[in-house]
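Trainee: Structure incoming, see below.
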Amino acid sequence: MASVSMSSRLSKAIRQQYMNLPQGGKCQVTYIWIDGTGEGLRNKTRTLEQEPTSVEDIPEWNFDGSSTYQAEGSNSDMYLIPVCMFRDPFTLDPNKLVLCEVLKYNRLPAETNHRASCVKLMEQVKEHGIWFGMEQEYTLLGIDGHPFSWPQNGYPGPQGPYYCGVGADNAYGRDIVECHYKACLYAGVKICGTNAEVMPSQWEFQVGPCEGINMGDHLWVARFLLHRVCEDFGIVATLDPKPMKGNWNGAGCHTNVSTKQMRDEGGLLYIEKAIEKLSKKHPEHIRVYDPRGGQDNMRRLTGLHETSSIEDFSAGVANRGASIRIPRQVGQDKKGYFEDRRPAANCDPYSVTRAIASTCLLDKEEEE
């Protein structure tokens, strides 16, 4: 039996008895923010006298940054600035989830608040109508850190039958995947699909298309919902880019990119121009495609297991071993989008989308 948390074994029938109680017209709002690791999510809840109609109705709040790796104990208050509101699929209507930016005591963005600079950049390139879609891979673990449903003292069969697989011997943890999907739809997250991945107990969901800053907002909330659903089932979702050493696939966050010009007739020309610009900024992008300046991706981008080498930039049609993939259909239609396969599963989507938009839309082409 996989190792699950004790709290997941508490009586859900008793819990439901309380969840069914009326709220007297009041509203619970759960504030969500990114902590000082740049990967972890935190949350806390307060009562509002009535249901907010927009994020502007939700007040600023604060928290103890010394307990989230974000401040010293002697000056620990930090501000939570609501930026994006969703329905709460756990406590249901009228309750809300609200994603927040974190500001320091002096009201400057916290070090891991990459949204603030991303907002400014997306405003600069707004006329280009840049769309993103991100493919979030993740791996399910028991609370002992062992992959969910893997043999306790061994390994499952080699990769092959698990990708988009069906059956108890191929698909590990589908209940979590389906509950997460429904939770995202209820919340209003722009989830657009899901599938089992190549390594057993590894899955993927896709968010998008989202324009500009919405990409980061919706992916972070989708991640929060994933961790929260897993909590109910007593297991863990890890975004580690290479959770298992050896002949197993790693986990990425492939990022699909399209501008108005790329979507119009003859858009392939603009896709190729963007790829040319990206080729000149490969090291800079690798540094922001995981939270540790490329150290996490070094374990994943080996040139094996459907990845490119972290050292080299490459591009190709329908090539899953390239840094940038142009889908075959896009090559045929001569318009559409491209896929950057380099971002790690634990990347910050604000950093990734900001870097791509800046390189593709703001960098001037060198005069020949």
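Trainee: Restricting everything to alpha-carbon atoms, can you work out Rg to Rh for the stretch 176-260 with a Kirkwood hydrodynamic radius? All intermediate terms of the calculation are to be shown ahead of the outcome.
Mentor: Details: Rg = 13.5 Å, Rh = 13.9 Å.
Radius of gyration relative to Kirkwood radius: 0.98.
Trainee: A follow-up question, please. Counting Lys and Arg as +1 and Asp and Glu as -1, each charge on the Cβ, what is the dipole of the stretch 40-162 about the Cα centre in debye, to the nearest 20? Walk me through the numbers before you get to the answer.
Mentor: Values: 10 positive and 17 negative charges, 34 e Å.
Roughly 160 debye for the stretch 40-162.
Trainee: Between Thr53 and Glu72, what length in nm is gained on full extension when 0.36 nm per residue of separation is reduced by their alpha carbon distance? Intermediate results must be reported in sequence, preceding the final value.
Mentor: On the way: separation 19, 0.36 × 19 = 6.84 nm, distance 3.56 nm.
The Thr53-Glu72 span can extend by a further 3.3 nm.
Trainee: Count neighbours as other Cβ atoms within 10 Å of each site's Cβ, and list the GluC sites (Glu not before Pro) in the stretch 1-59 that are DSSP loop with at most 10 such neighbours. Numbers along the way, then the final one.
Mentor: Values: sites: Glu39, Glu49, Glu56; in loops: Glu39, Glu49.
Qualifying residues, ordered by number: Glu49.
Trainee: In the stretch 181-300, what percent of the accessible surface is made up of carbon and sulfur (1.4 Å probe, ligands and nucleic acids excluded)? Kindly include the intermediate steps, with their values, before the conclusion.
Mentor: Details: 2340 of 4450 Å².
Roughly 52 percent, rounded to a whole number.
Trainee: Another question about this same structure. How far apart, in nanometres, would the label points at Arg107 and Asn153 be if each is projected 7 angstrom from Cα along the Cα-to-Cβ direction?
Mentor: The modelled label-to-label distance comes out at 6.3 nm.
Trainee: Residue separation times 0.36 nm, minus the C-alpha to C-alpha distance between Arg287 and Glu272: what's the value?
Mentor: On the way: separation 15, 0.36 × 15 = 5.40 nm, distance 2.28 nm.
Contour length minus the Cα-Cα distance gives 3.1 nm.
Trainee: Counting other C-beta atoms within 10 Å, and keeping those with at most 13, which DSSP coil trypsin sites (Lys or Arg not before Pro) do you find in the stretch 84-116? Could you put the intermediate results ahead of the total?
Mentor: Details: sites: Arg87, Lys96, Lys104, Arg107, Arg115; in loops: Lys104, Arg107.
For trypsin sites (Lys or Arg not before Pro) across the stretch 84-116 that sit outside H, G, I, E and B with at most 13 neighbouring Cβ atoms in 10 Å, the list reads Arg107.
Trainee: Between Tyr163 and Ser3, what is 0.36 nm times their sequence separation minus the Cα-Cα distance? Round to one decimal in nm. Intermediate values should be presented prior to the final figure.
Mentor: Working: separation 160, 0.36 × 160 = 57.60 nm, distance 2.38 nm.
Going from the current span to full extension adds 55.2 nm.
Trainee: Can you give the direction-averaged projected area of the convex hull of the alpha-carbon atoms in the chain, in nm²?
Mentor: Numbers: hull surface 82.8 nm².
About 20.7 nm², averaged over all directions.
Trainee: Which loop GluC sites (Glu not before Pro) in the stretch 57-123, with loop taken from DSSP, have no more than 12 other Cβ atoms within 10 angstrom of their Cβ?
Mentor: Numbers: sites: Glu60, Glu72, Glu101, Glu111, Glu123; in loops: Glu60, Glu72, Glu111.
Hits after loop and neighbour filter: Glu60, Glu72, Glu111.
Trainee: Over the chain, what relative contact order in percent results from Cα pairs under 8 Å that are six or more residues apart? Could you put the intermediate results ahead of the total?
Mentor: Working: 739 pairs, mean separation 60.5, N = 368.
Over the chain, the number comes to 16 percent.
Trainee: Beyond 28 Å between alpha-carbons counts as too far, so tell me which of Lys126/Lys364; Lys44/Lys190; Lys242/Lys335 fall in that bin. Write down the numbers at each step before the final one.
Mentor: Numbers: Lys126/Lys364 17 Å; Lys44/Lys190 23 Å; Lys242/Lys335 33 Å.
Going by Cα-Cα distance, Lys242/Lys335 fall outside the 28 Å limit.
Trainee: Placing unit charges on C-beta atoms (Lys and Arg positive, Asp and Glu negative, everything else neutral), compute the dipole magnitude of the stretch 280-342 about its Cα centre in debye, rounded to 20. Don't skip to the end; give the middle numbers.
Mentor: On the way: 13 positive and 9 negative charges, 28 e Å.
Value, rounded to 20: 140 debye.
Trainee: What is the magnitude of the charge dipole of the chain about its Cα centre, with +1 placed on the Cβ of each Lys and Arg, -1 on the Cβ of each Asp and Glu, and no other charges, expressed in debye to the nearest 20?
Mentor: Numbers: 40 positive and 48 negative charges, 106 e Å.
It works out to roughly 500 debye.
The values are calculated or read from the model by the stated rules, or taken from the named source; none is laboratory data. What you are looking at is a predicted structure, and each value in this text was computed from that prediction instead of being measured. Here Cβ is always computed from backbone atoms with ideal geometry, including for glycine, and neighbour counts include all displayed protein chains. Ligands, DNA and RNA are excluded from the accessible area calculation, which covers all protein heavy atoms including side chains. Shrake-Rupley method; radii C 1.70, N 1.55, O 1.52, S 1.80 Å.
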